[in-house]
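Below you'll find the structure, written out as structure tokens, and then a few comments.
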Amino acid sequence: MPKIYLVDVTNRDGVQTAKLGLSKLEKTMINIYLNEMGVFQSEFGFPTTRHETNYLIANLELADMGVLKPIRLGGWIRAITEDVETTYRYVPNIKHLALSISTSDQMITGKFQGRKKRHDIIKEMTEAVDAALACGAESVAANAEDASRTDISYLIEFGLAAKEHGAIRMRYCDTLGYDNPFTIYNNARKLAEAVCLPIELHCHNDLGMAVANSIAGAMGVIDGGQDAYINTTINGIGERAGNADLIAVILAICKSKGFNEKYKFASDIKLKCASKIAKFASYAFDVPIPINQPGVGSNAFSHASGIHADGVLKDPGNYELYGYEELGRGDPEFVETGRQIITGEYSGISGFSHVMSKLKVPIEFPNREKADEILELARYANVESQRPLVEDQLVFIARYPEIARKLLTLTPLA
Ligand SMILES: [Zn+2]
């Protein structure tokens, strides 16, 4: 039976959201948390964007070191040969790529303005797939942007051409959130049956259906006999109204009526990590989690009205579909209400040593030189993020100073 895989795109679609962004260290922490959670792949960035180069190389090194393992790190570029060449010039060790090009008539007339026709799009995409494989890519996915507004017959042609040239997956992008669960089920199933490749579902939330569309699409792909890959972002952060929320997708797959009997994850997903990853993304993006967010919102397990409170006290199953412990919630949180010593971009050694000695697993430095080195890196990390580092970031810097140095090095073009 085909299975479901998660490809989280927070570090690609999430960070290209208007008004939002992440530092390279924050992006790295997200890769680490996704790996911990058991997510199959992180679309970790843009190999043709120069300020990403050191970050991408450093994260590939973390993969080689076994820190980011078994998660796959995939880059996103346009499906043109020029982008493939630029990718391998700057990030020669990248193994997994998503190559994206618009396929709808709307984009052909409205965006390409007649410069590209349907056959040009397939030609450019297949040339890019060939180039990526020739440069050493181990896996290439062909992304059909605006697939939901594309004729299904042309999408099938696109997918078959990608497959013939060695792509291992096709991404169906509901770029504008135009699909509904019924239309995406049909399209996804037809593609899976006709193209005979695993299909990725990339759903946006403009009509509030990103999560529903993702799981309906996955159902269609699996019923069509192929593995389904769902694109998510943490807290649903993404362009405009956002993408399919990672935690809500996991909950929908595991907890919705009967779904999990037939449609299952390929490997174990650790829902226990949900609270931590959602909180970190909220902090790093500086976007609060809505109180009614599935699973991780502050009201997700709150009851006030008489009937509900009474019912849940008698048996939580009366008014809760799943337990808060399953999402890693419920531990008391320590909030400092008195004096606070914090690391910042102008911190000194005394305050910094104090902070490091108060971590859950305290860090002592063997000598002053080492402490100064880690402090310097922590200062730079603060310059980049403009908010105090969380404990895991401080530990990361102390544990992998050479990687942190790379992440924090931004060298503009001359
Ligand atoms: Zn998108």
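Checking the table LYS3/LYS95; LYS3/LYS69; LYS24/LYS163 against a 28 Å threshold on Cα-Cα, which pairs fail?
LYS24/LYS163
Mark the label point 7 Å from the Cα of GLN340 along Cα→Cβ and return the residues of segment 381-414 whose backbone N is within less than 15 Å of it.
386-391, by backbone N distance to the label point.
Can you show me the helix-derived [θ] at 222 nm for the chain, built from DSSP H runs with n ≥ 4 at -39,500 (n - 2.57) apiece and divided by the number of residues, rounded to the nearest 500.
The helix-only estimate for the chain comes to -13000 deg cm²/dmol at 222 nm.
For Cα pairs less than 8 Å apart in space and 6+ apart in sequence, what is the mean separation divided by the residue count of the chain, i.e. the relative contact order in percent?
Relative CO of the chain lands at 16 percent.
What are the DSSP H helices in the chain that stretch 15 Å or more along their long axis, judged by alpha-carbon atoms, and whose average Kyte-Doolittle hydropathy comes to at least 0.5?
152-164, 210-223, 274-285
Tell me, what is the FRET efficiency for ARG50 and GLU164 to the nearest 0.05, using R0 = 35 angstrom and their Cβ-Cβ distance as r?
FRET efficiency, ARG50 to GLU164: 0.55.
Mind checking Rg over Rh on the chain, alpha carbons, Kirkwood formula for Rh?
Taking Rh as the inverse mean 1/r over Cα pairs, Rg/Rh reads 1.00.
With all protein chains present and a 1.4 Å probe, how do LEU133, LEU56 order by accessible area, largest first?
Result of the area sort, largest leading: LEU133, LEU56.
Residues of segment 368-414: accessible area per residue at 1.4 Å, in Å²?
Per residue, segment 368-414 has 55 Å² of solvent-accessible surface.
Between segment 218-265 and segment 278-332, how far is it from one alpha carbon centroid to the other, in angstrom?
Result: 20 Å between the Cα centres.
Rounded to a whole number, what % of the accessible area of segment 259-414 do carbon and sulfur atoms account for, probe 1.4 Å?
54 percent
Sort 141-152, 337-348 for me by packing, meaning the mean count of neighbouring Cβ atoms within 10 Å per residue, highest on top.
Ranked by mean Cβ neighbours within 10 Å, highest first: 141-152, 337-348.
Counting only heavy atoms of protein chains, what accessible area per residue, in Å², does segment 1-122 have with a probe of 1.4 Å?
For segment 1-122, the solvent-accessible area averages 37 Å² per residue.
What is the Cα centroid distance between segment 17-59 and segment 115-167, reported in whole angstrom?
Their Cα centres are 25 Å away from one another.
Grab the Cα-Cα distance for ARG399 and ILE349, subtract it from 0.36 nm times how many residues apart they are, and report the gain in nm with one decimal.
Full extension of this stretch gives 16.2 nm more.
With a probe of 1.4 Å, find how much accessible area segment 228-326 has per residue, and write the answer as a whole number in Å².
49 Å²
I'd like the FRET efficiency for VAL383 and GLU333, computed as 1/(1 + (r/R0)^6) with the beta carbon distance as r and R0 of 22 Å, rounded to 0.05.
Step by step, r from the Cβ atoms, then E = 0.20.
Report the label-to-label distance for SER153 and SER302 in nanometres (one decimal), using points 7 Å from each Cα along the Cα→Cβ vector.
The modelled label-to-label distance comes out at 5.5 nm.
Give me the percent of the accessible area of segment 194-247 that comes from carbon and sulfur atoms, probe 1.4 Å, all protein chains in place.
Summing carbon and sulfur atoms, their accessible area is 55 percent of the total for segment 194-247.
For ASN93 and GLN16, FRET efficiency with R0 = 30 Å and r from the beta-carbon atoms, rounded to 0.05?
In this case the efficiency is close to 0.80.
Just the accessible area for CYS254, please: 1.4 Å probe, Å², rounded to the nearest 10?
Roughly 50 Å² of CYS254 is accessible to a 1.4 Å probe.
Could you work out the equivalent-ellipsoid semi-axes for segment 215-325, taking the square root of 5 times each eigenvalue of the Cα gyration tensor, largest first, in whole Å?
So the equivalent ellipsoid measures 26, 21, 12 Å along its semi-axes.
The values are calculated or read from the model by the stated rules, or taken from the named source; none is laboratory data. Every value quoted in this text rests on a predicted model; they were computed, and no experiment measured them. Heads up, the Cβs are rebuilt from the backbone with ideal geometry, glycines too, and the neighbour counts pull from every protein chain shown. Surface accessibility is based on the protein's heavy atoms, side chains included, excluding ligands, DNA and RNA. Shrake-Rupley method; radii C 1.70, N 1.55, O 1.52, S 1.80 Å.
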